[in-house]
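Accompanying notes for the structure given below.
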Amino acid sequence: MLDVRDVHLHYGASHALRGVSLTVERGAITCLLGRNGVGKTTLLKAILGLEPTSGGTIRLEGRALDGLPAWKRARLGLAAVPQGREIFPRLTVEENLLTGHAALRGRGQEPLPLEEIYARFPILRSMARRRGGDLSGGQQQQLAIGRALVTRPKVLLLDEPTEGIQPNIVAEIGRVIEELAREGSMAILLVEQYLDFALELADRILIMDRGRIVLEGDRATLDLDAARRFLTV
């Protein structure tokens, strides 16, 4: 589904991504872990077209995305839930969700009905007329995920969705992510810092350090001692 091969990215003289390769399959959850500053968010930005790469290729369903702007990649089926959520605080919950319709223009596809978003995140139904800025952090995270789902993505990229979220909402978000993967309509790339959360959900786990993938495996084969060493601050 999503194939990243030997991707390099520079910020001036800084070599931020150093030959990163990974594959994200439809119906599976791939989790990318690493400490702060190792390149996880930079990789997502490269995939989304928000930062130019300096080498390698990124393909979606076999189509090269290299050189395409972010809005075209969104219309091809990439959707992101960014770190910090980035909802529109002055728009209502419903209005925030409706902004997802823009990514479907020209795709010949109907947006996911809001009723399906509310079924996954019932709290959003009761708050549909409230402004996004009035929601708690966990509720805003659910809203950000819902906004991405409206676009019927082929690949859903989530950047640390558990950051600063209360445990009961983390469990709810984990349940929804797992449901989405098992339904088989999309591929999911989950960026995280917490190994335990990844072990609960991921089909494949990759550990990143200093701009490289340094360890990978599924839940049964991953070297947990090595993974914890790379994640320890």
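Of note:
- Filtered residues of region 180-216 (kept if on the phi > 0 side of the Ramachandran plot and over 19 Å from the mean Cα position of the chain (by Cα)): 210
- Of the residues making up region 148-185, just one is closer than 23 Å to residue 102 by Cα and among the acidic types (Asp, Glu), namely 159.
- Residue 67 surrounded by fewer than 22 Cβ atoms within 10 Å (Cβ to Cβ), at pLDDT 95 or above and more than 15 Å from the chain's Cα centre (by Cα): no
- Leading residue by the ranking (farthest from residue 206 (Cα to Cα)) among those in region 17-60 that are surrounded by 22 or more Cβ atoms within 10 Å (Cβ to Cβ) and of a type in the set (Gly, Ala, Ser): 46
- Residues that are out of contact with any helix residue (DSSP H, G or I) (no Cβ under 9 Å at 6 or more places or on another chain) and assigned to a loop (DSSP other than H, G, I, E, B) within region 100-136 comprise 108, 109, 113, listed in sequence order.
- Residues satisfying the stated conditions in region 170-182, i.e. without any contact (Cβ under 8 Å) to a residue 60 or more places away in the chain and not aliphatic (A, V, I, L, M): 172, 174, 175, 179
- Some residue of region 198-215 being without any contact (Cβ under 8 Å) to a residue 60 or more places away in the chain, part of a helix (DSSP H, G or I) and farther than 21 Å from residue 99 by Cα: yes
- Which numbered condition residue 82 fails, given (1) out of contact with any Ser or Thr (no Cβ under 7 Å at 6 or more places or on another chain); (2) under 17 Å from residue 144 (Cβ atoms); (3) modelled with pLDDT of 95 or more: (3)
- Taken as a whole, region 17-26 holds at least one residue that is part of a loop (DSSP other than H, G, I, E, B) and out of contact with any Cys (no Cβ under 7 Å at 6 or more places or on another chain).
- Here residue 208 meets each of (1) under 30 Å from residue 113 (Cα atoms); (2) touching a Phe, Trp or Tyr at 6+ places or on another chain (Cβ under 9 Å) with one exception, condition (1).
- Only one of 27, 37 that is under 25 Å from residue 14 (Cα atoms) and out of contact with any Asp or Glu (no Cβ under 6 Å at 6 or more places or on another chain): 37
- Pairing each residue of region 1-20 that is at pLDDT below 95 with any residue that is not in a strand (DSSP E or B), provided the two are 6+ apart or on different chains, yields C-beta distances under 6 Å for 1/25.
- Region 99-127, subset of a type in the set (A, V, I, L, M, F, W, C) and out of contact with any Leu (no Cβ under 8 Å at 6 or more places or on another chain), residue surrounded by the fewest Cβ atoms within 10 Å (Cβ to Cβ): 119
- Number of positions in region 216-230 that are in contact with a helix residue (DSSP H, G or I) (Cβ under 8 Å, 6 or more places away or on another chain) and within 18 Å of residue 20 (Cα to Cα): 1
- Residue list for region 109-134, filter: of a type outside the set (D, E, K, R) and farther than 21 Å from residue 75 by Cα: 118, 119, 121, 122, 123, 124, 126, 127, 128, 132, 133
The values are calculated or read from the model by the stated rules, or taken from the named source; none is laboratory data. Since the model is a prediction, treat every value here as computed from it, not as a measurement. Quick reminder, even Gly has a Cβ in these numbers, built from the backbone with ideal geometry, and neighbours come from all protein chains shown.
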